[in-house]
Amino acid sequence: LATGVGCWLKAASPKTKVIAVVAEGAACMALSWREGRVVTTERADTIGDGIAVRVPVPFALDCMKTTIDDVLVVSDNDLIAAMSLIDAHLGRRIEPAGVAGFAGLLRHRDAFIGQRVATVLCGGNLTNEQTAMWFA
């Protein structure tokens, strides 16, 4: 998602910074982006199953080189906090991976003071058990 959005944004507004967000329990994309090569991890341990990557796709990593300006890391607790705020203030129940960008803004808020920011909110793939646990 980040590289797709980044590809469009860089074409439409080259000066716009595009920041990807990964879960700390599945940080191989952040590690790979920082090292400029594929870095795999033994596990992907996060509630954000849509971002639970342990083996990066080389093409995606190549695309990140020209579309992503930074990669932030968030915890599962950050994802839960973001889901709760979105539910409380917008009445939307978004899956953990779908609030990763917002979780990044919350956790790293000081880096964005005084800037105009936007993030994508997407996905409602929640089981009844997840809904009961996170939105009780």
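The values are calculated or read from the model by the stated rules, or taken from the named source; none is laboratory data. The shown structure was predicted, so the numbers you read here are calculated from the model rather than taken from an experiment. Note that each Cβ is placed from the backbone with ideal geometry, even for glycine, and that neighbours are counted across all protein chains shown. Note: accessible area is taken over every heavy atom of the protein model, side chains too, but ligands, DNA and RNA are not part of it. Shrake-Rupley method; radii C 1.70, N 1.55, O 1.52, S 1.80 Å.
Condition check ((1) surrounded by 13 or more Cβ atoms within 10 Å (Cβ to Cβ); (2) more than 11 Å from the chain's Cα centre (by Cα)) across all residues:
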{"position": "Ala11", "(1), (2)": "no, yes"}
{"position": "Val21", "(1), (2)": "yes, no"}
{"position": "Cys28", "(1), (2)": "yes, yes"}
{"position": "Asp45", "(1), (2)": "yes, yes"}
{"position": "Pro56", "(1), (2)": "yes, yes"}
{"position": "Thr67", "(1), (2)": "yes, yes"}
{"position": "Ala82", "(1), (2)": "yes, yes"}
{"position": "Ala97", "(1), (2)": "yes, no"}
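When the criteria are applied in full, Gly4 fails the requirement of being part of a helix (DSSP H, G or I), under 15 Å from Gly104 (Cβ atoms) and modelled with pLDDT under 95. Val74 satisfies every condition listed in (1) buried (at least 21 other Cβ atoms within 10 Å of the Cβ); (2) more than 11 Å from the chain's Cα centre (by Cα); (3) of a type in the set (Val, Ile, Thr) except (2).
Looking only at segment 79-100, residues that are closer than 23 Å to Gly25 by Cα and either in a helix (DSSP H, G or I) or touching a residue at least 60 places away in the same chain (Cβ under 8 Å) (or both) come to 13 in all. When the residues of segment 99-118 are filtered to those that are touching a helix residue (DSSP H, G or I) at 6+ places or on another chain (Cβ under 7 Å) and open to solvent by less than 20 Å² (accessible area, probe 1.4 Å), the one that is nearest to Val21 (Cα to Cα) is Ala100.
Taking the conditions exactly as written (open to solvent by 50 Å² or more (accessible area, probe 1.4 Å), in a helix (DSSP H, G or I) and touching a Phe, Trp or Tyr at 6+ places or on another chain (Cβ under 8 Å)), does Leu121 satisfy them or not? So Leu121 fails the test. Looking across Ala111, Ala103, one residue alone is among the aliphatic types (A, V, I, L, M) and touching a residue at least 40 places away in the same chain (Cβ under 8 Å). It is Ala103. A count restricted to segment 124-136 and to residues that are over 20 Å from Val21 (Cα atoms) and either in a helix (DSSP H, G or I) or open to solvent by 60 Å² or more (accessible area, probe 1.4 Å) (or both) stands at 9. Checked against the criterion of being part of a helix (DSSP H, G or I), more than 17 Å from Leu121 (Cα to Cα), touching a strand residue (DSSP E or B) at 6+ places or on another chain (Cβ under 6 Å) and open to solvent by less than 80 Å² (accessible area, probe 1.4 Å), segment 33-41 contains one or more residues that satisfy it.
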